[in-house]
Amino acid sequence: MTKYVLKRVLMAVITLFVVICLTFFLMNAVPGTPWLSEKTPSEATIAALNEKYGLDKPLIVQLGKYLENLAHLDFGNSIKMQKDRPVLEIILTMFPISASIGAIAILWAILVGVPLGCLAAYRRGTWVDSLLRVICTIGISMPGFVIATMLLHAFTGGIEGLKFFPTIFQQGTAKSYVLPCLALGFYPMCYLSRQTRTAMLDAINQEYIKTARAKGLRNKTIIFKHALRNALIPVITYLGPQIAFTLCGGFVVETVFTIPGLGRYFVSSISNRDYPLIMGTTIFLAAFIIVMNLIVDLLYKLVDPRINLAKGGE
Amino acid sequence: MAEKKMKRPIGSLRPDVDDILSWNDLPENAFEPASTEEKESFIQDRESVSYWKDAWRRLKKNKVAMVAMVIVILIGLFAFVGPFIVPYSYDQVISGANNIHPWHYSLEDQAKISAYIEEHTGTANLSPDEAVAQAEAEAAARGETLSAVDAAKIRAAAKANQGKGEENVTQDDAVKALGIKAKPFGYTNAELERMAAGESVFPHVFGCDTQGRDIMVRTMIGARVSMIVGICCAVIVLVIGALYGSISGYCGGKVDAVMQRIVEVIYTIPEVLVILLMGSTLKPILEEFQNSGDGPLQNLVTLLGANLISIFLTFGLLYWVTMSRLIRGQILQLKQQEYVTAARALGAEGGRIIKRHLLPNCIGQIVTTTFLQIPSAIFTESFLSFLGMGVSAPMTSLGSMCSDALGGLNTYPYRLFIPAAILSLMILCLNLFGDGLRDALDPRLKK
């Protein structure tokens, strides 16, 4: 077990390193500098700015310097979008907004998706099952921005009499959270319910369910205590990366609802060529996702003791 | 002969002398080629069913998959044949067609409407200040205050409307009061006059956008871009994944270990982040390369477009991992089979065994996974385009059309709904057909 954990941690560190290097070189390969704006600064200004932010040194030196600073949790300062403000500070003010929306979204996705999946499996072949299947298939076929924009259009004044929610996101008001969370959680909800259905059908056909029935246990006990517990393993596999991704911000949802979250900021930092900000957000988000995956992998063992981690966890 | 062999005591090693002797008694024509009649009688009663025929038979029974297939083919025709039928091109700016709706009023009705408006408002149009004042009054009636941004928007709209008789704030009221019904499809006034003169004019079925470009053609081109991206990405993923997976699985040992570590690292990279990053960084790099010279490679980039290539590269680099894992797993199972040992004993080389024996035996899974890659690629491409990192203007895609439509969502909701509906329908049908394909090609998986 210890060996496995160590191996996985090492793997995570390597992955993070790869992501850092990839981001660094990709970012620097893009033609254009962060100093381009409406009025082009003079050569001397650019040279001075490059020197100030250390952009005149060879790339490998820059990378080394960056890694060294990173070891002290110093992400550098933003050089364009919020000039000279530490990147870490920017991230830490924006992450809570993204995270709160993501957490609500994933919570409703689990609370609705898993029971719906159970229901579909339990009533297999009836109209309930068919209806849920249609909804979920449509749900996973609609890109996030379609759902988000449709909701935005319908409930913020596009349809007469349905203006329930504000168009502009305001932090702290409960009403502003409804639509973004609904849009963000819809896809995971549909996906989860499909996954749960398949896993439940698998579990229901097992011998131990027959035994439980033969013992005369109540249906409720069989479904929730015996079948669901075993069906949850594939569901957790999906949830790990999804939780991380949703918490970090639906890029699309934040853009559509103009939420000042990390996802939207990441997108605009790329187009603004704010190098330290791109690096900072990428590393932060990547580290978060990688750590979440790691935790989920290790949690397997707790959920299902049959899984032998030392043999690759399969 | 067969009967004689049956008589042999089972397990005996003694050569059957009678049998060997009887070899000499073979009739003289024993080695002559069989006549057609003899061949006919040899063929079984039922026609032999090949793997693909069998799969097709199963697929045909799956009604959902067949309907999905028909819809996909229709969308394909719409996307690839449509632009040749419609006489407009996706970047053609039609004069006077700015913001026309997918419906129109005939010239007489338009005259009636403007007369009505003139009659009821005195002046044909509100001046910008009047429009703002009116909007403020409306907002106050609703208990809200008009923000400065909205006021500026109204002012600009009123300014733009000045001098245009038929596009008026109260046009809708006039239409309602006069009981005029709108006719389908959009036409500009110039086109309506030409039609009145007896010419036939192709209608703007979905109307036109802010710059006066035909939305239907743009939707067709967008759907085409999506389909091309989907198919090309699936092929790239298939080629890289199949090569990598089969080599890794077949070689095993240290080669496999190293190759699998690489796969694991790529697998754990948060893909959406890297896709966003690569989508936006590769494009300018490729554009610079495209402008750097006139070699054959540069021409290739120009032909395909820097946008599309950057999307292909992104996909090629990240999404082959799942495919390679799947194929490796299959190969690991299959390579233990006797026929592989037999092929190896006969002196076949690794490449031949992979190509002739291993890959054909997991073809069902490969086809299904490749096919299901298409909707997922379309999904991702639309996401990139929506965020403004996919294809760039004047080229369009369904995703970027949706994000363009966000600006005037309340006035022109169909600009969002049309591309969004086609995109969702396309992904839905591809998914459904892919599921049907999986059930048909791999009946073991079906429960």
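For segment B:316-331 versus segment B:190-223, the spacing of their alpha-carbon centroids is 46 Å.
Working note: Karplus 6.51/-1.76/1.60 with θ = phi - 60° gives segment B:229-242 the couplings 4, x, 5, 4, 5, 4, 5, 4, 4, 4, 5, 5, x, 5 Hz, where Gly and Pro are set to x.
Here the translational diffusion coefficient of segment A:95-312 follows from Stokes-Einstein with Rh set to the Kirkwood radius across Cα pairs; for 37 °C and 0.692 mPa s it amounts to 171 µm²/s.
If the limit is 21 Å between Cα atoms, which of B:60/B:355; A:3/A:225; B:254/B:335; B:335/B:355; A:301/B:335; A:3/A:301 go over it?
Check vs 21 Å cut-off fails for B:60/B:355; A:3/A:225; A:301/B:335.
The slack between residue A:65 and residue A:170, meaning 0.36 nm per residue of separation minus the straight C-alpha distance, is 33.9 nm. Nearest 10 degrees is fine. How inclined is helix A:262-272 to the longest principal axis of chain A, computing both from alpha carbons? Between helix and principal axis, roughly 40 degrees. For the peptide A:132-139, the mean number of other protein chain Cβ atoms found within 10 angstrom of a residue's Cβ is 1. Legend: ranking of residues B:23, B:56 from fewest to most surrounding C-beta atoms inside 10 Å; resulting order B:23, B:56. The amide H of residue B:397, built 1.01 Å from its N in the peptide plane, has no neighbour under 5 Å, considering only residues 5 or more places off or on other chains.
Per residue of peptide A:253-261, the mean number of Cβ atoms on other chains within 10 Å of the residue Cβ is 1.
Of the residues A:281, A:149, A:221, the one that moves most in a GNM of chain A with alpha-carbon contacts below 10 Å is A:221. Note on residue B:235/residue B:22: beta-carbon distance plugged into 1/(1 + (r/R0)^6) with R0 of 45 Å gives a FRET efficiency of 0.15. Here segment A:95-312 is assigned +1 on the Cβ of each Lys and Arg and -1 on the Cβ of each Asp and Glu. Its dipole about the Cα centre then comes out at about 960 debye. Each peptide in A:265-272, B:196-203, A:16-23 was scored by the mean count of other Cβ atoms within 10 Å over its residues; highest first, the order is A:265-272, A:16-23, B:196-203.
Averaged over the residues of A:143-154, the number of partner chain Cβ atoms lying within 10 Å of the residue Cβ comes to 6. Amide H to amide H distances under 5 Å link residue A:77 with A:87, where only residues 5 or more positions off or on other chains count and H is placed in the peptide plane. In sequence order, segment A:98-110 has phi-based couplings of 4, 5, 5, 5, x, 5, 5, 4, 5, 5, 5, 4, 5 Hz under the Karplus curve 6.51 cos²θ - 1.76 cosθ + 1.60, θ = phi - 60°, and Gly or Pro positions carry x.
With both labels modelled 7 Å from their Cα along Cα-to-Cβ, the residue B:411 to residue A:5 distance reads 6.2 nm.
In chain A, the longest principal axis of the Cα atoms and the axis of helix A:43-52 are about 60 degrees apart.
Read-outs: derived from the displayed coordinates by stated rules, not from any lab. All values derive from a computational prediction rather than experimental measurement. Ideal geometry is used to build each Cβ from the backbone, glycine not excepted, and the neighbour counts take in all protein chains shown.
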